[in-house]
Every structure is written in C-alpha cells, then in structure tokens.
Amino acid sequence: LLRGVQGGSFLEKSPPGRRRLYKTGDLARWLPCGNIEIFGRMDQQIKVRGFRIEPGEIESLLLKHGTVKETVVLARNDDKGEKYLCAYIVSDSDPSIAELREFLARELPDYMVPSSFIKIHEIPVTPNGKIDRKALAKAEGAQLKLGSAYVAPETNIERTVVDTWKEILQLDQVGVEDNFFDLGGTSLKVIMTMSKLKVSLEREIPVVAMFRYPTVRSMAHFLSREDSVFKKRDRTEVRKKGRERLDQKRRIKSRVQETAR
C-alpha cells in the first residue's frame, strides 16, 4: 500500500493491537464501516501527470533567479480537465519563459517545470497573512513572452504544424521559431500532437521526432525531407513492381511458345 507514496513517514507510536501506521499527509477520517474518507492534503503537495510534487521546491528555486521577487506555484486545469503547473511571479523585469524554464531544468526534472508563467503585481493574501491560493487562481496577470520574436508560417506544412500545436496546446498564436516544450508541451501532448499530425498528413511519424525537432520550422523541414524520401521510395517501388510484372509476362510468353513447339 505504501509503494509510490512520497513525503510520508511511519508513526513512532502506533495504537495498541494495530499494525504500524503510516502518515501520508492526507486529511482523512475513519468511517464506522471501516473505510477511510479522504478530504485532501494537509500540505500543499499536488499530483500532476501521475507525479506527486511539492510546489515549495519549485518556488524556492525560482526565488534564486535574479529577476523573481515573489512566486507561488499552483496546479491548474486546462479546458480538457488536465492538470498543469502554473507559476505566478512578481518581478520588476520581464524574464522570458524560455529563460525561466532553462533555469529550473538545471536542477528539476521535466515534470516539475511549470508549463505556464504569469506575471502579477502582488501575491494575494488572506486577513491572516497567508497566501490566498483561491484568489490567486483568479488573479489577472500577463503571460510571460517566450523570448523569441513571432515569425508567421509560410509553407503548407508549417501551417499544418502550427494549427496542430495551437489546438493541442490551446494557444492563440504559435510562430515557426517557437519551441514546443517552451509553449507548455509535455510527453502526453507530444503523443497527442504526433497522432494529430499523422492523421492530417496521412503518414507515420515517429514520436521521437518531436524531441529532435522541437520547433515548428525544424519539424516542418523534417517532414518535408521525409516527404521527399517517401515520394522517391514510392517511385522506386512502382518501377520495381513494373519490372516484376514485365518479367512475369515474358516468362509466361516464353512458356506458351515452348508448349506450342
């Protein structure tokens, strides 16, 4: 039962006549029927994409960045109900998303790097001086810029890739120089994106291609190159089958002539 549980501990003194108890950090109560009713976490630990995450670890590291004065990390839900990490920051400057993600990725695993960064004027607090997380989730702020200038798509393949990224990542604008992972892409969204492109382009595309070609321009270039290879392979296959049919006709004609003799 304890496999995969993080941040818990065994109680030193368990009730007499019972097995050792494990403190998971969840707020719960025993029901008369013997079941346990869970109300939530006693700490701020959250679960995103199957991983248990302590937002405090991310916040502590963000505060080490020279431009971040205050920060709070929350788990939010997108339009499809999937959770993602969102970092609210107070800063006198405008650090780019790419800059902050790169800074965090030096010490944190991918699943602990926020997908979204929002700059706000101040962190809302309750009358008791604690962070008002409910008010923070509704706070208005400005989404930080990616750090690269917007470049519109030019070719049909670039437009197809851009439209697919906008749909999966739920963004209004994506440029050809934008990085999929800087836009909030995750491993799950990589699979969804490649599956969508597979249907749109009617071809098999390896999932690993997204990790090798993470920008729209590089992905479009890869797909264009692969398209040329596929077309060349198709022409070669057609010529090969044509020669095989011609050889078969010649063999049949030769057998007919031998039989006639």
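Observations, loosely collected:
- A straight line joining the Cα centroids of segment 182-229 and segment 52-98 runs 28 Å.
- FRET E, pair Arg225, Arg52, Förster distance 45 Å, beta-carbon r, rounded to 0.05: 0.60
- Comparing Trp165, Pro95, Pro206 along the charge dipole axis of segment 88-224, the residue lying farthest to the positive side is Pro206, per the Cβ-charge model.
- Extension gain for the segment Gln170 to Asp78, taken as residue separation times 0.36 nm less the Cα-Cα distance, is 32.3 nm to one decimal.
- For segment 128-141, the Karplus equation 6.51 cos²θ - 1.76 cosθ + 1.60, evaluated at θ = phi - 60°, returns couplings of 7, x, 8, 5, 8, 5, 5, 5, 5, 5, 9, 5, 8, x Hz by residue, with Gly and Pro reported as x.
- Computed about the Cα centre, the dipole magnitude for segment 27-120 is approximately 300 debye when only Lys and Arg (+1) and Asp and Glu (-1) carry charge, each at its Cβ.
- For the pair Glu258 and Tyr150 in one chain, pulling the backbone fully straight at 0.36 nm per residue adds 31.6 nm over the alpha carbon distance.
Rule-based calculations on the coordinates, nothing more; no lab input. The model shown is predicted, which means the values in this text are computed figures rather than measured ones. For neighbour counting, all protein chains shown are included, and Cβ atoms are generated from backbone atoms with ideal geometry for every residue, glycine included.
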